[in-house]
Structure formats: C-alpha cells, structure tokens
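The values are calculated or read from the model by the stated rules, or taken from the named source; none is laboratory data. It should be emphasised that the depicted structure is a prediction, and the values quoted were computed from it without experimental measurement. For neighbour counting, all protein chains shown are included, and Cβ atoms are generated from backbone atoms with ideal geometry for every residue, glycine included. When the accessible area is computed, the model is the full protein with side chains, heavy atoms only, and any ligands, DNA or RNA have been set aside. Shrake-Rupley method; radii C 1.70, N 1.55, O 1.52, S 1.80 Å.
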Amino acid sequence: SKLFASTGGTGSFTSSITGLLPGKKYYIRAFGTNSLGTAYGLQDSVVTYPVRPTVSIPVMSNIKMTTADAVASVITDGGSPIMDKGVYWNTTGIKPTGINWGDSLVSNGAGGTAISGTVINLTPNTTYYIWSYATNSVGIRFSTSPVKFTTPTLPTVITLKAKSVWQFTAVSGGNITSDGGAPITGRGVCYSYAGIPTIDSLHEAHSTASTGTYSLALDSLKEGTTYYVRAYAINTMGINYGNVDTLTTLTTPTVITAKADSIWSTGIISGGKVLTDGGMPVTVRGVCWSSTVVPSISLITKTVNGNGLGSFTSTIKGLEHD
C-alpha cells in the first residue's frame, strides 16, 4: 500500500494516484490525521483499465536455407489475459499493424509467456524481418523492432580451365566467389570420362576450406581420354558445383605402315601415314627396319621423313642380300 497525503485542514480534497499497474484491482480509503491519531474513511475499490501486452524482440538461431528458429517472451500481459502470441515475418521490413492470418506467422496460442517457433518456407539468400507479438482483450502489440536476418544458400563456384595436361596428369581447379552466407567446409575438383561428374565420382579435395581460387593436380588419368571436370564447393548448407569443363589427355601418335613397294635386292620403297598426333605436334616421322629383331627408333636403321600428320614415303637402301 502507499500513502498519498494532501494538505491539512477540513473539507474536501482530491488526490492523484499514479504508478498503478494496468488491469489491476486496488483498494482505496481516505484518511485524516490530527495530534490524537489517524481516522479512515470507508474503503472503496477500483480496477485500472488494461493495455495491450508487451513482448521482447525475438532471438534467432539455427538459421538455414528455408527455416530458422525464433524465441521471445511476453514481458507484460497488459492487465488482461493473453489471448494469442507468436512470431510474424515478412521481407519488406514494414511493421505490421495487425494479424492477417494468411500472412507468415507462427501462433503459440493463449496463456503463458514463452514465445517460440520455427519460421518455415523461407527462400534461400533472402533477407527477412521477424517480430514477436501478443494479443489480449485490448488489442495486439508487436515487438518494438524486428530482427533482420538473411537465409544462407549454397556456395558459388566457377570451374577453372584445365592446364598442364599430359598423358596421365593435369591441373584443374576452381574459384569460390561466394560462401553463400555459411562457412566453407570443403572444396575440390571431381572428374569422370563416363559423364557429368559428382562428388561420388573420382575427385580431389583441396587441403584448405575457404573462398577464392585454388588448383589441384589430377593424377592417374588414362592417356588419350576426354574427361569431364568441374569444381565443387561445400558449406554447412550443402554442396554446389561449377560449370563443366573438358580436358583430353595426351597420347602417342597413331600411325600405320604402308605396304612396301618397289622392292629390289638392296632396297625398298616404304612409308606410312600419321593419322593422329595424340594432342602434340609430330616432330619427326619415318620408317625403321631390322632383319633380326622387331624394329624401333632405338636402331640406327631408320629414315627421317619430315613431320606432322599425313602420308609419307621412305626409301630404304643398303639392305643385305645373298
């Protein structure tokens, strides 16, 4: 109880009583004091008018691409029982003035002070504003300001053009241009000669996990084979792939031996045809021969007949005869 004293003397007086709580019953009685003591008037009672409830600003957690968790609380019920409470969100940032039940909200129903809810059906990489709210018999009140948050998405990665391509090895890589709003946990390159590669195909993982450019050596490739290659990046939301690149490993040239022609006792006319260069220019071509072993260019018995693709003719002289 509190004492609100007026000036002395007899007669009517008025007291202004402030600091009362809304929607609460109070008992009141007048009093008068002289040198012999204090006397009280008859007791009266009043009930203050209720006001709209007040709620705390939401706290967000577990923010994902399409969902997020929110918690808040009813600070005061405004002197009238809570009829509904919950969280309300939009993408405009415009504070709502009332509940539209077709809008995005989670209702916790009547009573209690705890507010919580999982915000659902969100769009990745989108900024949202979320308020808590509560209603009583007087009306609805939203939190003084919203919480602003942006949903994460998958990282963005570009596959870099392969370089240093040889028979069995190549160098490839990627450039992670955005982490999608969530920490990068892995990155690398996947490759396949049988179709579009995924992380379940052959792949090489980089030793660091961050945005930016990286490169990796691809080993144990098949020679003369076309591979599909693409970079990948992983964040806490999942994995995303870059554009598909191709590389073709090198191989030795493809050549056929022409049937010998114009044969005489110590020589023949031979030759061949280089069908493919294996991915590198043919620098020398010719014919090698032997009467005792399978001929190869390690022997001195060979001709040199230019370079490049196409047909060529070799004249072989100085052959032994009986």
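What to note about this one:
- The packing ranking, built from the mean of other Cβ atoms within 10 Å per residue, places the peptides 49-57, 219-227, 72-80, 93-101 in the order 72-80, 49-57, 219-227, 93-101, highest first.
- In the chain, a dipole from Cβ-located charges (positive for Lys and Arg, negative for Asp and Glu) runs towards its positive end, and of Ile120, Val293, Pro281 it is Ile120 whose Cα lies farthest in that direction.
- Overall dimensions of segment 220-322, expressed as equivalent-ellipsoid semi-axes from the Cα gyration tensor (√(5λ), whole Å, largest first), are 47, 13, 9.
- The chain - charge dipole about Cα centre, Lys and Arg +1 at Cβ, Asp and Glu -1, debye rounded to 20: 980 debye
- Ranking by accessible area, most exposed first, for Tyr88, Tyr228 with a 1.4 Å probe: Tyr228, Tyr88
- Here Ile234 sits with roughly 50 square angstrom of accessible surface, probe radius 1.4 Å.
- Relative contact order (%) - criterion: Cα under 8 Å, at least six apart; region: segment 127-196: 24 percent
- Carbon/sulfur fraction of accessible area - the chain, other protein chains in place, 1.4 Å, %: 55 percent
- Cα-projected label distance for Ala258 with Thr118, points at 7 Å along beta-carbon direction, nm: 7.7 nm
- Relative contact order %, the chain, counting alpha carbon pairs below 8 Å whose residues are six or more apart: 11 percent
- Each peptide in 105-118, 257-270 gets a packing score, the mean of other Cβ atoms within 10 Å over its residues, and the list from highest to lowest is 105-118, 257-270.
- Kirkwood Rh, angstrom, segment 174-282 [1 / mean 1/r, Cα pairs]: 17.1 Å
- Lysine pairs with alpha-carbon atoms under 23 Å apart, the chain, spacing 8 or more or separate chains: 15
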